[in-house]
Amino acid sequence: MATKAPTAQSARERLLAAANELFYSEGVHTVGIDRVIERAGVAKASLYNTFGSKDELVKAYLESRHAATSQRITKYLERFGTPRERLLGVFEAQGELFAETGFRGCAFVSASAESPGELVQHASDDYRLWVRTLLTDLAREAGAPAPELLGRQLHLIYDGASLSARMDHDPAAAATAARAAAETLLDAALAVTVNRGQA
């Protein structure tokens, strides 16, 4: 049986791959459109026909990072059997991201700082809402009495861990400390529930 030849990437896929590599490693403001086009190996018209502008390409780059991160974390959480394990597993999955070669912090924070604008803000807001909703839903499933509050607190730890891993150059410590802090908050929230039940 003959094997299928790999399908050639479309111009859109090549542009997104080049944008992901260059924007993440060097910054969305620093990298000009010509470098993305050159790295992708496409004509300039392909970029404008596909995305219309650099801002739209930046937005698509951020959306692709959102999709990849959410898919990776969701897949990681499948190994756990309880809401508590899944909630703490979010920080373990984050730790895996920190340990990757070339980790340079949160792409959304960087893009928002370098190139503020409506499209970047919208993509960043969508990603942050996904993270906060995930943490809140898991807190609710774990039985936390105020899941929205716990979700926001855990989101602060999530953000801080990323910043610490980037700035302190110690991804393992950031991930370990973040998970431990999340566990302390979760246990404190659940203890309130238990105490209320015993009152």
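What follows draws every value from the coordinates through simple rules; no lab data is involved. It should be emphasised that the depicted structure is a prediction, and the values quoted were computed from it without experimental measurement. Reconstructed Cβ throughout: ideal geometry from the backbone, glycine too, with neighbour counts over all protein chains shown.
Annotations
- Summing Lys and Arg as +1 and Asp and Glu as -1 over all other residues whose Cβ lies under 14 Å from the Cβ of Glu141 gives a net charge of 0.
- Nearest-ten-degree value, helix 11-26 long axis tilted from longest Cα axis of the chain: 60 degrees
- Taking Cα atoms only, the orientation of helix 171-198 departs from the longest principal axis of the chain by about 40 degrees.
- Between 0 and 90 degrees, the angle of helix 83-98 with respect to the longest Cα principal axis of the chain falls at about 40 degrees.
- Distance in nm between pseudo-label sites at Arg79 and Thr133 (7 Å out along the Cβ direction from Cα): 2.6 nm
- FRET efficiency for the Asp187 to Thr30 pair, using the beta carbon distance and R₀ = 35 Å, is estimated at 0.20.
- Applying the Kirkwood pairwise sum to the alpha-carbon positions of the chain produces a hydrodynamic radius of 18.6 angstrom.
- Between His122 and Asp168, the simple label model (points 7 Å from Cα in the Cβ direction) yields a spacing of 3.7 nm.
- Relative contact order %, the chain, counting alpha carbon pairs below 8 Å whose residues are six or more apart: 20 percent
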